Each structure stands twice: as C-alpha cells, then as structure tokens.
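Read-outs throughout are calculated quantities, based only on the coordinates presented, and are distinct from any laboratory measurement. Everything numeric here is computed off the predicted structure, so don't read it as measured data. Using ideal geometry, Cβ is built from the backbone for each residue, glycine included, and neighbour counts are taken over all protein chains shown.
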Amino acid sequence: MSTAAIVFDEDELLTMGTATLFEAAAFDCDLDPDLRPAWPGARMCGTALPVLAAAADNLPLHWALEAAHPGDVLVVDAGGSRCGFWGEVMSVAAQARGVRGLVIDGGVRDTDQLRDLGFPAFSTSIAIRGTGKAWPGTVGDPITLRGRIVRRGDLVVADQDGIVVLPAERVGDVIAAARERTAKETAYMDRLRAGELTLDIYSFREIR
C-alpha cells in the first residue's frame, strides 16, 4: 500500500497520544504492552514497514533500510529474541533514510546513543548479545506481531503509554473520532476543575 494514501498531522497525533487514539478507534489496535520505549520520552509517528526476522539474526533489518521510505517506521517481528538487533549504527543509517523509528519484538542496545540521536525505538528487551546475518527474512509483507496484523502503510503512533497501529483505510475516521473525544475531554476537565465529580459527569451513579 502506498504511504501517500494516508494524510495526517504528526504533531496533532502525538499531542492526542496513543490512549486517546486507542479509545477513539473503538477496535483493537494496540500492540502488546511488553513493547516499551528504549529511552524515556521516546515517541514517534509514521507509516509501517513490516519486517520478519529470525531469532538472533538482524539481516532483514539491513534490507529494510534499503526498502524504507522517508516517514516509515520499521515494525519487526523477531520472535522476542533477546539479542541486540538494533543500535547506534543502524539508527544513524535509518535517520539518513528518513526512517522515523523502530518497533521490534526483540532486543535493542546502545540506548544512551539512541537517546542522544533522538531515534525512537520500542522493544521487548534491552540486550547486548550480538546477531548473525544468515536469513534475509521478509520486508514489506504483512506480519502478525503478537496477535496484531501489521501491513505496509498502516499508521504507527507510539509514546510512553503504548503503541497503536491503525489500518491505512481507517486512519481518517479514527482521527476524526479522536478530535471529538479530545474536545469532550477538554470540557470535562473544565467541569472537574470547577469541582464536579466523575460520578456525575460520567453518570456512574446510575450503576449500582
């Protein structure tokens, strides 16, 4: 799927945050919460480039850098392998290609350097053990990452709260719903600051 099919405002989506986008979507679009930022404050927004890798083998990630378009986020199924699939070298190469970040069911390393570079990486482990280069894997084909299907061109938004992956064809509807939700929550916050209770604002008193 062409990344040109998606129109979005990165700053707006990052300001809304993943929790708001998830709630607005009203369908399961969150990735496993074991995927955590490699450094505090990491966040990103971009279009998915799915990658399938084998345990302890990061060759597919090198091929993915060749296939990546500016604005892509690499979303990698490495089976949870606790090896350093990604570090400073790959991050520098990725930034030169316009890659926005990395999500990997596997390990990353060089976290201080990733933070200094400002390269957002979300992984299931931090690991220093190295990797081989024996299997090219797949790049661009759909993957199933811990139960969630990720296709090329889907929208990926990640922050400290979690990660959402929105199918490209549903992005517009989710953004519209998230804007409505944000406006409602702003009004609710005003009422809360004025002293109203959540029991009344959300009509929880009716639940007995």
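If you go through the range 108-134 and keep only what is small (Gly, Ala, Ser) and over 11 Å from PRO37 (Cα atoms), you end up with GLY118, ALA127, GLY130, GLY132, ALA134. Pairs meeting the criteria (first residue in the range 17-40 and of a type in the set (D, E, K, R), second residue part of a helix (DSSP H, G or I), beta carbons under 6 Å, at least 6 apart or on different chains) are ASP30/PHE22.
Test TRP63 against the stated conditions and say whether it is in contact (Cβ under 8 Å) with a residue 12 or more places away in the chain and more than 15 Å from GLY140 (Cβ to Cβ). No: the conditions fail for TRP63. Can you name the residue in the range 190-208 that is surrounded by 11 or more Cβ atoms within 10 Å (Cβ to Cβ) and hydrophobic (A, V, I, L, M, F, W, C) and, of all such residues, is nearest to MET16 (Cα to Cα)? Out of the qualifying residues, it is LEU192. Among residues of the range 60-80 being of a type in the set (A, V, I, L, M) and closer than 23 Å to ASP34 by Cβ, the one that is surrounded by the most Cβ atoms within 10 Å (Cβ to Cβ) is VAL75. Consider the range 135-164. How many of its residues are aliphatic (A, V, I, L, M), touching a Leu at 6+ places or on another chain (Cβ under 6 Å) and farther than 17 Å from GLY80 by Cα? Adding up the residues that qualify gives 3. Whenever a residue of the range 91-115 is in contact (Cβ under 8 Å) with a residue 40 or more places away in the chain and buried (at least 21 other Cβ atoms within 10 Å of the Cβ), it has no partner that is part of a helix (DSSP H, G or I) and among the aromatic types (Phe, Trp, Tyr) lying with C-beta atoms less than 8 angstrom away and at least six residues away or across chains. The numbered conditions (1) assigned to a helix (DSSP H, G or I); (2) farther than 21 Å from VAL150 by Cβ; (3) not hydrophobic (A, V, I, L, M, F, W, C) are all true for GLU169 except (2).
Out of all the residues in the range 1-42, which are of a type outside the set (A, V, I, L, M) and under 17 Å from GLY87 (Cα atoms)?
ARG36, PRO37, TRP39, PRO40
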